[in-house]
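Nothing in this text is a laboratory measurement; each read-out follows from the coordinates by a stated rule. Please read these numbers as outputs of a predicted model, since none were measured by experiment. Here the Cβ positions follow ideal geometry from the backbone for every residue, glycine too, while neighbour counts run over all protein chains shown.
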Amino acid sequence: DEAIHSDKWCVRYRAELEDKYNRRLAITTELKRALASQQNELSMVYQPKIDLVTMKVCSMEALIRWNSSALGFVPPDEFITIAEQAGLIEQVTSWVMKQTISDLAYFREKGYDFTVAMNLSTQDIQNKVLLSNLVSLLTEKGLSPDALELEITESDLVADASLAIENLNELTARGFHFAIDDFGTGYSSLAYLKNLPVKTIKIDKSFILSLASDENDQQIVHTVLSLAAVFNLKVVAEGVEDLASLTILKDWGCDVAQGYYISRPLKLADLEEWLQNTPFGE
Ligand code: C2E
Ligand code: MG
Ligand code: MG
Ligand code: MG
């Protein structure tokens, strides 16, 4: 009986692995095609962040979207991880950089002066060619590096600290600003971050989504905010979905908020309309 039971389990487990493998393969193949073709399957959307003192927009996070003709919408969390493992992240980030910097130049032409935040993976931080292309792209558009914020995920940084730190220092010397994304999901402490050229942490949305009702989250967020003040770090809260959470964050001295309560990520045309109608406009 037991043997039959475990046999069944094995079959199910193998089927699951196979599904996962096939999905991964399909994503890799289709992503390569999307990167090579001119079919506009990839696009950028922008999500506003507001300064909690002025309650005005201070920055936009650039987030990639992929609407695959073969696979439909593929979430970035899923395909970015696969791109990293399949050796495709350099191409993805190159695409993101070009599009984002061109949009940043457009925002400046229109007279907006918010910064734009771009997500980088650790592999990007170690890629000198990619990073020097980033500098060139900015120079071509007459933009300075401090118009851009670079977000790197906490867990990536801890996993690969020594290599990354050198490049972070170099880019900081050139005027770039870094933010630690998804703070609280890795294993780093604020004391550890003190040794990095990082000015900003973004508290992971898992601590923010239920902030108004969850006492544990309130304790964690309060502690992070107190310590960040000691270490002179700017704090961004992501995943703010309601006014009650926004108010708590403002009262506790959090610097910046981002989340569906303010706005969902928007494509460029919708963003311009939003900027004209929002109470959070510049
Ligand atoms: P992230 O950098 O932490 O981005 C924040 C994510 O939280 C975004 O998901 C955003 O849409 C979502 N979010 C924002 N506010 C709320 C809210 O109030 N409630 C909820 N439930 N979610 C909210 P998205 O766009 O699906 O991106 C997921 C992750 O994929 C990003 O997390 C980032 O790690 C990665 N990613 C996205 N675009 C890029 C990119 O261009 N390059 C790289 N390397 N990674 C990217
Ligand atoms: Mg981010
Ligand atoms: Mg992330
Ligand atoms: Mg995050």
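What the table shows:
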{"item": "Residue with peak Gaussian network fluctuation, the chain [Cα springs, cutoff 10 Å], from Asp51, Asp255, Asp214", "result": "Asp214"}
{"item": "Expected 222 nm ellipticity per residue - DSSP helices of 4 or more, -39500 (n - 2.57), all of the chain, to 500", "result": "-16000 deg cm²/dmol"}
{"item": "Neighbour-count ranking [beta-carbon atoms within 10 angstrom, fewest first] of Glu282, Glu154", "result": "Glu282, Glu154"}
{"item": "Residue among Asn67, Met97, Leu120 farthest towards the positive dipole end of segment 67-141, charges placed on Cβ", "result": "Met97"}
{"item": "Too-long pairs where the Cα-Cα distance tops 18 Å, listed order kept, from Lys56/Lys205; Lys128/Lys194; Lys56/Lys250; Lys56/Lys194", "result": "Lys56/Lys205; Lys128/Lys194; Lys56/Lys194"}
{"item": "Inter-centroid distance (Cα atoms) of segment 122-200 relative to segment 56-120, Å", "result": "16"}
{"item": "Fewest-first ranking of Phe73, Phe231, using other Cβ atoms within 10 Å as the exposure measure", "result": "Phe73, Phe231"}
{"item": "Residues Phe280, Phe79 arranged by fewest to most Cβ contacts within 10 Å", "result": "Phe280, Phe79"}
{"item": "Lys, Arg +1 and Asp, Glu -1 on Cβ, resulting dipole of the chain about Cα centre, debye, nearest 20", "result": "640"}
{"item": "The chain: DSSP helices with Cα axial extent of at least 20 Å and average Kyte-Doolittle hydropathy no lower than -0.5", "result": "89-109, 215-230"}
{"item": "Per-selection Kirkwood Rh - the chain (Cα, Å, 1 d.p.)", "result": "20.3"}
{"item": "Whichever aspartates and glutamates have a C-alpha closer than 15 Å to that of Lys267, once near sequence neighbours (fewer than 8 apart) are set aside", "result": "Glu41, Glu61, Asp103"}
{"item": "Length-normalised contact order for segment 135-227 - Cα pairs under 8 Å, 6+ apart - percent", "result": "25"}
{"item": "For the chain, share of DSSP beta bridges that run antiparallel, in % to the nearest 5", "result": "40"}
{"item": "Max mean-square fluctuation residue, GNM over the chain, Cα-Cα springs under 10 Å, options Gly175, Gly72, Gly186", "result": "Gly72"}
{"item": "Of Ser210, Ser136, Ser59, the one that fluctuates the most in a GNM where the chain has Cα springs shorter than 10 Å", "result": "Ser136"}
{"item": "Residue (of Asn169, Val235, Gln219) at the positive-pole extreme of the chain, dipole from beta-carbon charges", "result": "Asn169"}
